[in-house]
Amino acid sequence: MRLRGWLSNLLLLVVSTGVSLLGAELVLRLIEPTSPPGTTYGRPVQKNSYDFRDREFAIPKPADTYRILVLGDSFTWGVGLDVGQTIPKQLEDELRRRSGGRAIDVINAAIPGTNTVDQLLLLQDRALTYDPDMLVLIYNLNDIDFKPVLAPSSYDEGTATPVVQIDPGDDVTQWSKSSGLRGLILQIEYHSALARFMVPRAGQLLQRAGVLNSVEFSWVAKVFQGFTDDNPGWLESKRALEEIARICKARNVPFVIAIYPLLVGLDDYQGRDAHEVVRRHGAATGVAATVDLLPLFENKPGRSFWINYADGHPNAQAHRLVTEALLPVVQQHADIPRSARHPPVEGADK
């Protein structure tokens, strides 16, 4: 009788827990923001013939036009925003206004999901056709994602030729966010709205309490620890930055790098060393300027800059802050006349 009672209570607990979890899953799926086809969270997405989220631009470039090309990933592309709210388009509006109506194009050549190698290949295969006068790369720390399926010859080619040649037997899975236990958790998050909501919050709480130390449970910590020459993803990113800088130097085009922080844990940000590694490499590569964007966001609630409660992409306020930080740097190196004086940007190497 005791065993039967214990089993009945256990079954009741399992069923009630399952029903509660299922209910929470259904509620979150109903309220979770979604992107209907052709939109980003309901905002229209229109692309030009180069698959960029922007209008068509004249090729060849008109002689009286100053043209800036902006490379990046989804942080720059503008998840959840109208295209006019994105960093490139705000830069374009402000530069035109401050230069007295001079013909200035700022092209949003960012594509979600790309890393630095993708952006190099895209530059070589498509974007140089625009004949830019300046190149701005907005560097996201997860741009060190290792993608051994990239081909160095063509952006559209899918042959398995890594840019960084790995010695036989080298373990690159330690740098892959889709392998191991973290890979399993990501698969669960992919299929469950409840998991997407709970995992990052639970992981952050457990880490701050000192209960959880493994970076496998925190993709952010894993990214921060990936800026080492043991990581083939960072090696690829470094070499891609060097090649972009070489292309810009050959064309006499200023190259500006802006380093975007991950918008989590900003009250106790653990990624300073990663920012410094990128900054030092940019300086050694000879870029015109590197701008660390961390001071814009540090010690502020990270989620206040999210596009919505479930998605950590930067919102309109964040895009505006980055635009204001980049304006004086771009104006200086583009030799675009200023109509007003602007203070120097904290974190910029000029």
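Residues in the stretch 290-309 that are under 17 Å from the mean Cα position of the chain (by Cα) and aromatic (Phe, Trp, Tyr): PHE297, PHE305, TRP306.
Restricting attention to the stretch 189-218 and to residues that are modelled with pLDDT of 65 or more and in contact with a Lys or Arg (Cβ under 6 Å, 6 or more places away or on another chain), the residue that is nearest to ASP268 (Cα to Cα) turns out to be GLU189.
Set side by side, the residues ALA109, ALA63, ALA103 differ, and just one is of a type in the set (Gly, Ala, Ser) and either crowded, with 17+ Cβ neighbours inside 10 Å or more than 16 Å from MET134 (Cα to Cα) (or both), which is ALA109.
The set of residues in the stretch 308-326 that are modelled with pLDDT under 95 and either part of a loop (DSSP other than H, G, I, E, B) or aliphatic (A, V, I, L, M) (or both) comprises TYR309, ALA310.
Look at the stretch 71-96 and say how many of its residues are free of Cβ contacts under 8 Å to residues at least 60 places away in the same chain and over 16 Å from the mean Cα position of the chain (by Cα). Full working, then the answer.
The first filter runs over the stretch 71-96 and keeps only residues free of Cβ contacts under 8 Å to residues at least 60 places away in the same chain, leaving 77, 82-84, 88-89, 92-93, 96.
Those left that are additionally over 16 Å from the mean Cα position of the chain (by Cα): 82-84, 89, 92-93, 96.
Qualifying residue count, the stretch 71-96: 7.
Answer yes if at least one residue in the stretch 125-146 is closer than 30 Å to ALA316 by Cα, modelled with pLDDT under 85, of a type outside the set (A, V, I, L, M, F, W, C) and assigned to a loop (DSSP other than H, G, I, E, B), and no otherwise. Checked the stretch 125-146: at least one residue is closer than 30 Å to ALA316 by Cα, modelled with pLDDT under 85, of a type outside the set (A, V, I, L, M, F, W, C) and assigned to a loop (DSSP other than H, G, I, E, B). Screening the candidates HIS281, HIS275 for the property of being of a type outside the set (Val, Ile, Thr), closer than 21 Å to GLY226 by Cα, modelled with pLDDT of 95 or more and over 17 Å from the mean Cα position of the chain (by Cα) yields one hit, HIS281.
The residues on offer are HIS333, HIS342, and the sole one that is over 18 Å from ALA110 (Cα atoms), assigned to a helix (DSSP H, G or I), modelled with pLDDT under 95 and not hydrophobic (A, V, I, L, M, F, W, C) is HIS333.
The values are calculated or read from the model by the stated rules, or taken from the named source; none is laboratory data. Note that the coordinates shown come from a computational prediction; the quantities given were computed from them, not determined experimentally. Cβ: placed from backbone, ideal geometry, glycine included. Neighbour counts: every protein chain shown.
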